[in-house]
Amino acid sequence: MRLGSIRQGITWLVVTTSLLLAGFALIVLSLTHIKQLNQLTEQRVADMTQVIANVSSRFLLFRDAEGIDDYFRQFSDNEFLQHIHVYEANVVAEQPALRYFASYNREGLAPIPVRTEIVDEINGLRSNSNSIEMVTPIRIDSEVLGYLYLRADRKPTRELILQTTVTAFVVWLVLALLAWVIAMSVRGQLLRPLDQAVGIIQRITRNRDYSIRLPESNLIELQQLGLAFNTMLARVEQNLVRQQQAEKQALDLNSELERQVQQRTTALREANSELLATLETLHQFQRQQIETEKMSSLGDLIAGVAHEINTPVGLVITSTSILRDKLDLLNEKFNDNSITRADFERFIEASADNLELIQRNIERTADLINQFRQLAMDQLAEEEKTFLIAELCRTVVNQSRQRLPELATIAVHIDCPEELEVTCRMGPLQHVLAELVQNSVIHGFAERHYGEIEIKIVRSAPQQVAITYRDSGSGIPAELERRIFDPFITSRRRKGSTGLGLHLVYNLVTQVLGGTIEVSSKHRDGAEFTLKIRA
């Protein structure tokens with residue numbers, strides 16, 4: 001039978017176990033980190049593609065090739081982007097086709113050929129070892145103006161992956177050295193008391209001196225062995241030291257209990273400290289997430305305001321330029337004494353048309369600015385008051401009938417107890433109901449001149465009122481229902497709508513009235529809004 005060494009067994013056990021656990025943990029962490037790097041890179045490409053596509057929509061809409069080239073020049077210092085192609089959607093013989101519009105190539109890279117078929121080859125995002133490619137449609141609302149192709153370099157990601165691998169290997173080597181040092185230390189601490197106990201037992205056996213006792217050990221197993229052996233020695237000495245041994249055992253037990261209590265107290269204190277640190281980290285992450293969402297919403301709002309105001313202002317500038325050219329031509333003929341009655345009549349007609357267009361677009365711009373100002377008004381200045389909500393609903397309906405003649409052919413039913421009193425800010429609530437009625441008339445009953453609107457109000461809780469607003473109009477398109485409360489979302493943009501009405505309703509309900517609002521719609525079968533407010 002082959003005898004083994006406890007020393008070698010402990011050493012190899014500690015070293016092997018530590019290296020296996022460390023290697024497994026490092027492999028898992030490295031693979032997870034590499035996967036996260038790839039996902040972050042692909043997400044960055046997707047975000048940049050979407051942002052560039054949103055910005056390019058304005059240039060495609062006005063076919064401003066020089067403007068988009070100027071916009072692409074800001075990426076000259078970006079080593080991540082390689083190539084950008086913008087293709088304009090075109091319809092030839094009722095067959096959709098794409099044609100080249102603009103491109104960007106990083107300095108030092110040869111331009112890639114124009115390939116319109118790449119839109120069909122790449123469905124979304126395609127990644128390989130050297131680059132990441134993505135194609136996304138360029139839209140304004142639901143209309144596709146063209147497609148954006150973007151290629152990004154994977155070299156920075158590969159360098160980070162190599163750095164992660166090298167770091168993991170170095171850490172593994174350091175852990176291997178640390179495990180060896182710990183194994184040597186553990187071996188010395190565990191076997192030194194055992195060697196000492198064996199030597200004492202041999203001396204007792206050789207000298208038959210039963211007054212010798214095994215020393216205490218900080219190891220439970222050796223401590224139990226020593227107590228048993230010392231008890232046997234005590235019995236040999238005919239109970240001479242039995243009382244002393246019992247007292248010593250009691251002292252040892254108290255010391256052990258105190259040590260365990262101290263250890264558990266220390267462990268509990270460390271756990272509490274880790275918990276507090278984790279909570280603080282979570283709070284910081286939440287604050288950062290809130291700030292990120294605020295900046296993202298602000299960017300979307302600024303882009304929407306610029307887009308909405310740009311169109312009427314552009315038309316005003318164009319009409320002014322045309323009117324100026326007509327005036328210069330008429331002035332030239334007047335100076336040459338060659339002006340005719342027909343020339344003057346054409347000038348009058350052109351002036352009237354252009355002035356009407358200018359006035360209409362200036363009024364549209366003013367209306368947009370009023371809506372933006374209404375959206376930013378401080379509704380919290382009004383104090384809460386108690387009033388009959390049924391009377392408020394009738395007032396809103398009567399005022400809406402005066403403003404909207406189309407409402408004359410639409411039946412409005414108000415289902416609300418006459419004695420129901422609410423306490424809240426009356427102005428914002430009145431504005432919310434008026435916007436909902438106007439939304440039904442402009443959108444729900446745009447294609448039909450008859451229907452019904454039902455407003456049902458009940459007290460759902462002691463401090464809460466539920467308002468159900470339902471119309472029998474054409475409903476909300478499925479692609480807009482999920483984003484119906486976002487700013488500048490509308491299905492009638494080309495007919496003058498700005499998409500700010502329901503966004504204002506959402507802000508008033510959630511921020512000013514302290515409630516919630518939900519929408520449900522079946523296409524061609526009306527829309528339903530459910531509001532719950534504090535009242």
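The values are calculated or read from the model by the stated rules, or taken from the named source; none is laboratory data. Computed from a prediction, not measured in an experiment: that's the story for all the values here. No Cβ is skipped: glycine too gets one built from the backbone with ideal geometry, and neighbour counts run over all protein chains shown.
Looking for something part of a helix (DSSP H, G or I), surrounded by 18 or more Cβ atoms within 10 Å (Cβ to Cβ) and of a type in the set (Gly, Ala, Ser) - is there at least one such residue anywhere in segment 470-477? Checking segment 470-477: not a single residue is part of a helix (DSSP H, G or I), surrounded by 18 or more Cβ atoms within 10 Å (Cβ to Cβ) and of a type in the set (Gly, Ala, Ser). Hey, does segment 383-403 have a residue that's at pLDDT below 85, of a type outside the set (S, T, N, Q) and within 39 Å of the chain's Cα centre (by Cα)? Yes, segment 383-403 has at least one match.
Within this structure, Thr164 passes the test of being among the polar types (S, T, N, Q), surrounded by 13 or more Cβ atoms within 10 Å (Cβ to Cβ) and within 29 Å of Gln36 (Cβ to Cβ). Pairing residues of segment 427-438 that are within 13 Å of Asp471 (Cα to Cα) and surrounded by fewer than 23 Cβ atoms within 10 Å (Cβ to Cβ) with residues that are among the aliphatic types (A, V, I, L, M) and at pLDDT below 90, at Cβ distances under 8 Å and at least 6 apart in sequence or on separate chains, gives Gln438/Leu404. Within this structure, Leu150 fails the test of being more than 30 Å from Leu20 (Cβ to Cβ), at pLDDT below 75 and surrounded by 12 or more Cβ atoms within 10 Å (Cβ to Cβ). Of all residues in segment 59-111, those satisfying the criterion of being acidic (Asp, Glu) and part of a loop (DSSP other than H, G, I, E, B) are Asp64, Asp77, Glu79, Glu94, Glu107. Among strands (runs of 3 or more DSSP E) entirely within segment 119-165, having at least 1 residues that are in the same structural domain as Glu88 (by TED's automatic domain parsing) and touching a Phe, Trp or Tyr at 6+ places or on another chain (Cβ under 6 Å) singles out 131-140, 143-153. Hey, any hits in segment 409-426 for a residue that's within 20 Å of Val505 (Cα to Cα), assigned by TED's automatic domain parsing to the domain that holds Thr510, part of a helix (DSSP H, G or I) and among the hydrophobic types (A, V, I, L, M, F, W, C)? Taking every residue of segment 409-426 in turn, at least one turns out to be within 20 Å of Val505 (Cα to Cα), assigned by TED's automatic domain parsing to the domain that holds Thr510, part of a helix (DSSP H, G or I) and among the hydrophobic types (A, V, I, L, M, F, W, C). Taken over segment 502-524, the criterion of being at pLDDT below 90 and of a type in the set (D, E, K, R) is satisfied by Lys522, Arg524. Checking segment 314-324 against the condition returns a match, with at least one residue being surrounded by 14 or more Cβ atoms within 10 Å (Cβ to Cβ), farther than 30 Å from Val55 by Cα and modelled with pLDDT of 75 or more. Might you let me know whether segment 44-58 holds any residue that is at pLDDT 85 or above and in a strand (DSSP E or B)? No - not one qualifying residue is present in segment 44-58. Hey, can you tell me all the residues within segment 333-359 that are without any contact (Cβ under 8 Å) to a residue 12 or more places away in the chain and over 60 Å from the mean Cα position of the chain (by Cα)? Lys333, Phe334, Asn335, Asp336, Asn337, Ser338, Ile339, Thr340, Arg341, Ala342 - these are the residues of segment 333-359 that are without any contact (Cβ under 8 Å) to a residue 12 or more places away in the chain and over 60 Å from the mean Cα position of the chain (by Cα). Report the residue count in segment 125-155 for those that are charged (D, E, K, R) and touching a residue at least 40 places away in the same chain (Cβ under 8 Å). Selection size over segment 125-155: 5. Can you name the residue in segment 23-48 that is more than 25 Å from Pro137 (Cβ to Cβ) and either acidic (Asp, Glu) or surrounded by fewer than 13 Cβ atoms within 10 Å (Cβ to Cβ) (or both) and is also nearest to the chain's Cα centre (by Cα) among such residues? This residue is Gln36. Annotation: Ser57 fulfils all but one of (1) under 24 Å from Thr136 (Cβ atoms); (2) free of Cβ contacts under 8 Å to residues at least 40 places away in the same chain; the unmet one is (2). Scanning segment 489-499 turns up no residue that is at pLDDT 90 or above and surrounded by 17 or more Cβ atoms within 10 Å (Cβ to Cβ). Taking segment 75-113 as the range and being modelled with pLDDT of 80 or more and aliphatic (A, V, I, L, M) as the test, the residues that pass are Leu81, Ile84, Val86, Ala89, Leu98, Ala102, Leu109, Ala110, Ile112. Selection of segment 398-413 for residues being within 30 Å of Ala478 (Cα to Cα) and either out of contact with any strand residue (DSSP E or B) (no Cβ under 7 Å at 6 or more places or on another chain) or surrounded by fewer than 18 Cβ atoms within 10 Å (Cβ to Cβ) (or both) yields Ser400, Arg401, Arg403, Leu404, Pro405, Glu406, Leu407, Ala408, Thr409, Ala411, His413.
All of Thr165, Thr116 fail the test of being in contact (Cβ under 8 Å) with a residue 24 or more places away in the chain and within 30 Å of Leu40 (Cβ to Cβ), apart from Thr165. State whether the residues of segment 446-455 include one that is in the same structural domain as Gln399 (by TED's automatic domain parsing), assigned to a helix (DSSP H, G or I) and either farther than 23 Å from Ile389 by Cβ or among the hydrophobic types (A, V, I, L, M, F, W, C) (or both). No, segment 446-455 contains no residue that is in the same structural domain as Gln399 (by TED's automatic domain parsing), assigned to a helix (DSSP H, G or I) and either farther than 23 Å from Ile389 by Cβ or among the hydrophobic types (A, V, I, L, M, F, W, C) (or both).
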